[in-house]
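The values are calculated or read from the model by the stated rules, or taken from the named source; none is laboratory data. None of these values were measured; they are calculated from a predicted model. For neighbour counting, all protein chains shown are included, and Cβ atoms are generated from backbone atoms with ideal geometry for every residue, glycine included. For accessibility, only protein heavy atoms count, side chains too; no ligands or nucleic acids. Shrake-Rupley method; radii C 1.70, N 1.55, O 1.52, S 1.80 Å.
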Amino acid sequence: MEAVRFSDKQRRALRWWQTDGRRYDAVICDGAVRSGKTFSMGLSFFLWAMSSFDGQQFGVCGKTILSLRRNVLQEIVPVLRKLGMTCTEKRSENLVVVCSGKRRNRFCLFGGKDESSAALIQGSTFAGVLLDEAALMPRSFVEQACARCSVAESKLWLDCNPEGPNHWFYREWICKAREKRALYLHFTMADNPVLTEEIRARYETCYSGIFYRRFVLGEWVAAQGLIYDFFERETFCAATPEGEMERWRVSVDYGTANPASFGLWGLRGGVWYRVEEYYYNSRMEGRQKTDAEYVEDMRKLIRERKVETVVADPSAASFITALRQAGFSVEKADNNVLDGIRTTADALKSGKIVICEGCEDCLREMEGYCWESGNRDAPKKENDHAMDDLRYFAMSIAKPQGGGFAATWVEREM
């Protein structure tokens with residue numbers, strides 16, 4: 001097996017159960033993205049389980065089963081096999097069976113995406129649980145998973161990237177690590193020996209503001225000030241390119257009493273340009289429009305262009321139906337606000353999306369889009385309708401099948 005380099009912090013995460021197993025019942029790792037915490041935690045968990053138990057069941061939890069397979073299993077299973085273990089994944093059962101010599105243990109996979117997820121894990125009995133990206137899971141799910149560890153000598157592994165200082169995981173686990181008999185390890189990018197200085201520098205340019213402090217510096221800080229604090233028209237705004245576009249899309253934030261905002265996007269040379277937009281404020285105009293009228297307004301925006309899909313506000317059920325009945329292909333947008341804002345910022349800074357001159361409503365909102373006061377990780381809900389359709393679009397091209405770009409918000413889970 002080829003040698004794998006580990007930093008001192010990674011070695012501590014790998015071996016804590018050997019050196020401090022009697023002192024601690026859990027290990028908590030937080031900090032910067034790409035700091036190596038997920039790999040060292042996952043490998044530590046499986047090595048501990050296979051060294052300490054036989055015939056037992058363990059829980060392996062992520063935000064979703066898909067992210068768990070990508071972030072943990074894809075990295076860890078090949079290493080376990082090189083160490084002489086056999087790993088058999090039964091996808092239909094969300095189960096991985098690992099054998100080492102005569103020892104055989106079962107690892108059950110769970111996704112903790114919402115409050116209902118706690119019911120999936122209820123009733124199980126585990127000898128240990130690994131919770132990858134614990135801060136992205138509901139408190140009810142994390143607490144239910146921990147409560148399932150009733151086998152003697154059971155232990156917990158929890159890792160995450162920082163969120164806000166009032167987040168329940170920070171208050172209940174990190175601030176109370178000693179009370180919970182948990183070893184707390186804080187990671188930075190310097191704790192990952194695989195990263196070169198050039199790669200670290202690249203990650204530092206991917207984030208700004210709150211996301212820089214959280215995902216590069218690894219701080220649990222509150223959101224405040226302008227959301228796109230780096231944005232300047234002179235740098236990030238451009239004239240509409242001349243000539244034909246390769247592909248066309250439309251992004252939609254639907255409103256009746258609130259404004260409706262449509263963005264028309266064209267792809268040229270790997271860059272998506274917001275070339276035109278539609279914005280209707282019923283309060284200012286003194287009249288609400290019907291779905292049929294909005295469909296006609298979209299036709300006028302598109303004109304003769306061949307639009308491959310309309311990325312629409314997922315809550316706009318009636319308008320989505322009207323669009324489909326009118327012959328449009330409609331994709332319901334991913335409405336994860338924080339991931340959407342982070343993905344939009346990455347795309348703007350990397351030049352993968354450009355707001356063209358003339359899209360004044362989008363530019364106006366961009367320059368005033370700010371965080372809610374009071375340590376809330378949420379944008380202020382005013383003058384944000386073009387901002388919503390903008391992040392819907394950014395999230396749509398961040399998907400592998402979208403033909404856009406590989407977003408760094410995916411990498412934060414690693």
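Okay, here's what the table says:
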item: Cβ-defined net charge surrounding Trp248, 13 Å radius [Lys, Arg +1; Asp, Glu -1]; result: +2
item: Full-stretch length increase - Thr88, Arg5 - with 0.36 nm per residue and alpha-carbon distance subtracted; result: 27.2 nm
item: Euclidean distance between Cα centres, the stretch 326-381 to the stretch 161-205, Å; result: 27 Å
item: Per-selection Kirkwood Rh - the stretch 59-141 (Cα, Å, 1 d.p.); result: 13.3 Å
item: Of Lys90, Lys102, Lys306, the one that fluctuates the most in a GNM where the chain has Cα springs shorter than 10 Å; result: Lys102
item: Contour minus Cα-Cα distance for Thr125 and Asp20 (0.36 nm per residue); result: 35.4 nm
item: Between 0 and 90°, nearest 10: helix 197-206 axis offset from the chain longest Cα axis; result: 50 degrees
item: Helix 291-302 axis, angle to the chain major axis (alpha carbon atoms, nearest 10°); result: 80 degrees
item: Helix axis angle, 385-398 relative to the chain longest principal axis, alpha carbon, degrees; result: 50 degrees
item: Radius 15 Å from Cβ of Arg181, net charge of other residues (Lys, Arg +1; Asp, Glu -1); result: +1
item: The chain: calculated mean residue ellipticity at 222 nm from DSSP helix runs of at least 4, using -39500 (n - 2.57); result: -9500 deg cm²/dmol
item: Dipole of the stretch 289-330, positive end: most advanced residue of Thr290, Val330, Leu301 [Cβ charges, Cα centre]; result: Leu301
item: Two-site label geometry, Asp54 and Arg247: point separation in nm, points 7 Å out along Cα→Cβ; result: 5.4 nm
item: Apportionment of accessible area to carbon and sulfur, the chain, percent (1.4 Å); result: 47 percent
item: Label-point separation, Thr235 to Ser329 (7 Å along Cα→Cβ), nm; result: 3.6 nm
item: Selected from Thr343, Thr235, Thr205 as most flexible by GNM, with the chain as the system and alpha-carbon contacts under 10 Å; result: Thr235
item: Spacing of the two label points (7 Å from each Cα toward its C-beta) at Ala257 and Ser282, in nm; result: 0.9 nm
item: Residues of the chain: accessible area per residue with a 1.4 Å probe, Å²; result: 44 Å²
